[in-house]
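Read-outs: derived from the displayed coordinates by stated rules, not from any lab. What you are looking at is a predicted structure, and each value in this text was computed from that prediction instead of being measured. Because the Cβ atoms are built from the backbone with ideal geometry, glycine has one as well, and the counts that use them run over all protein chains shown.
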């Protein structure tokens, strides 16, 4: 089964009030990356990085458990064009004992055009992407400051993380069968072993993530149903049961469903839950073979009950 669902957008824009800045490299919460954010940027609470609301600008850090050579290929002109992005510039700069790629591109979303600059570096095991983004109508000076910030980013392998949920606005305790395995931006992955290997079947899993920005949702049940039906690793999804739920002061929707794994055709049980607040949502999804539903459905429900906002 395809085991890691990327619920969050890697290159999204978030807007939060600016009150914070630094002249020295600071550690980006939840990562091992250090950078100097431009003046007026503050730590984001919906992703790993920094934001400035009055400019609708952001700096986001994404750490991927995958080889640099493969990741950088996805930023070619053709690959970006296939995703609706237009490559405008690319270069290579020295970084430590290796090098980093600087990619500039534009992207349209929700009727608006944004320009972005990404610094991509890593090795055969891990890759880091530091992305600066702002509206295309913004000043060249602002974009220059974002470019300098991403170019100055550095990865410190010796840096320690307090926990995988460091910097997130929520905590979610492990259960007897599921342990935190890894994190991508504001998304946590739980597995039965507490480990996750890219490209491999890591067994039954559970994912919890937060919306990457403010989202206006008119019909919550319809929105949750649509997110379930667009689960990227599954096809032929049918819903067995829906339930209204409440957790940590938030109202939500629970869906119990089944589908077929798009890669290997295995009948798959899907536990899908969403909780909503005024700004957006939190999404929870558990996947396991239908034959193991009785074992893991109670664990998925326990994980949702363990969810607590700070």
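Report the Stokes-Einstein translational diffusion coefficient (µm² s⁻¹, integer) for the stretch 179-310, Rh taken as the Kirkwood radius over Cα pairs, at 20 °C with viscosity 1.002 mPa s. All intermediate terms of the calculation are to be shown ahead of the outcome.
Numbers: Rh = 15.1 Å.
Answer, rounded: 141 µm²/s.
Considering the chain, what Rg and Dmax in Å follow from its alpha-carbon atoms?
Using the Cα atoms of the chain, the pair Rg, Dmax is 19.5, 57 Å.
P(r) of the stretch 98-214 in 5 Å steps, Cα pairs, percent per bin?
Here the calculated profile for the stretch 98-214 is 2, 9, 15, 15, 17, 17, 13, 8, 3, 1, 0.
Provide the convex hull volume over Cα atoms per residue for the stretch 26-155, in Å³. It would help to have the intermediate numbers written out before the result.
Numbers: hull volume 14.2 nm³, N = 130.
Hull volume normalised by residue count: 109 Å³.
Given R₀ = 30 Å, FRET efficiency for residue 90-residue 258 by Cβ-Cβ distance, to 0.05?
Details: r = 44 Å, r/R0 = 1.47.
Here the calculated transfer efficiency is 0.10.
Which FRET efficiency value, to the nearest 0.05, is calculated for residue 266 and residue 42 with the Förster distance at 51 angstrom and r the Cβ-Cβ distance?
Numbers: r = 45 Å, r/R0 = 0.87.
According to the calculation, E is roughly 0.70.
Take the alpha carbon atoms of the stretch 207-245, find their center, do the same for the stretch 17-83, and report the distance between the two centers in whole angstrom.
Measuring centre to centre over Cα atoms gives 26 Å.
What value, in deg cm²/dmol to 500, does the helix sum -39500 (n - 2.57) over DSSP H runs of n ≥ 4 give at 222 nm once divided by the residues of the chain? Spell out each step's value before the answer.
On the way: 5 runs with 47 residues, N = 310.
Helix-only estimate at 222 nm: -4500 deg cm²/dmol.
Enumerate the whole-percent occupancy of each 5 Å bin, from 0 to the last occupied one, for all C-alpha pair distances of the stretch 18-72.
Spelled out per bin, shortest first, that is 4, 20, 27, 20, 14, 9, 6, 1.
Based on the Kirkwood radius over alpha-carbon pairs, what value in µm²/s does the Stokes-Einstein equation return for the translational diffusion coefficient of the stretch 234-310 at 37 °C and 0.692 mPa s? Write out the running numbers ahead of the final one.
Details: Rh = 13.1 Å.
The diffusion coefficient I find is 250 µm²/s.
Can you give the relative contact order of the stretch 26-155 as a percent, counting alpha carbon pairs under 8 Å and 6+ residues apart? The partial results should precede the final answer.
Working: 263 pairs, mean separation 34.5, N = 130.
Averaging sequence separation for qualifying contacts and normalising by length gives 27 percent for the stretch 26-155.
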